[in-house]
Amino acid sequence: MEGVGRVRWAFDQHAIADSFVSDGTSPSTTSESNSTSTIAFVNNQLISHGFIRAPGLPLESLSAKDQDTAAKCLMGMLGQRIDDVARADEVATKLRTLTYDYERLSSFNKAMEDKVVHAEREAELFRSKM
């Protein structure tokens, strides 16, 4: 349901979540540079979505394990935020549709009520002539 008003995020939360293996470790623990790039990625996402200001969170001083834990936590929170925005967009779209339908049906109902009143007047006029 791509459309106007949709937010386009710079990552796919499921791809990020899948990169963490089931034993609680991530590929970023294999080397210092991967860990640093993961932290840089998380900081860039937080900055780009307006949660923090540059230069980002100073997570480089944490151990690799703590960096992974923080990265997983922050990515999970960003993923939840993506879900929330998608849900809000879906609900807003439904609201617009229902509002349009309500206005259309209200207008139709008013027109039908006017026709009924007019038909009743004509029937009363016809009865009075008899």
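For the range 27-130, just say rounded, prolate or oblate: build the C-alpha gyration tensor, square-root its eigenvalues into a ≥ b ≥ c, call rounded for a/c under 1.5, and beyond that prolate if a/b exceeds b/c, oblate if not. Before the final figure, lay out the partial values.
Details: a/c = 9.43, a/b = 6.35, b/c = 1.49.
Taking the square roots of the gyration eigenvalues as a ≥ b ≥ c, the range 27-130 is prolate.
Let me make sure I get this right: for the range 76-126, a, b and c are the square roots of the gyration tensor eigenvalues over alpha carbons, sorted descending. Under 1.5 in a/c it's rounded, otherwise prolate if a/b > b/c, else oblate. Which is it?
Values: a/c = 13.05, a/b = 10.20, b/c = 1.28.
Prolate, because a/c is 1.5 or more and a/b exceeds b/c.
How would Thr97, Thr38 line up by accessible area, probe 1.4 Å, largest first?
Ranked list, largest accessible area first: Thr97, Thr38.
What is the extension gain from Leu62 to Tyr102, computed as 0.36 nm multiplied by their sequence separation minus the C-alpha to C-alpha distance, in nm to one decimal?
8.8 nm
Ignoring ligands and nucleic acids, what accessible area does Lys72 show with a 1.4 Å probe (Å², nearest 10)?
The accessible area comes out at roughly 60 Å².
The values are calculated or read from the model by the stated rules, or taken from the named source; none is laboratory data. Everything numeric here is computed off the predicted structure, so don't read it as measured data. Accessible surface is based on the protein model in full, side chains and every heavy atom, while ligands, DNA and RNA are left aside. Shrake-Rupley method; radii C 1.70, N 1.55, O 1.52, S 1.80 Å.
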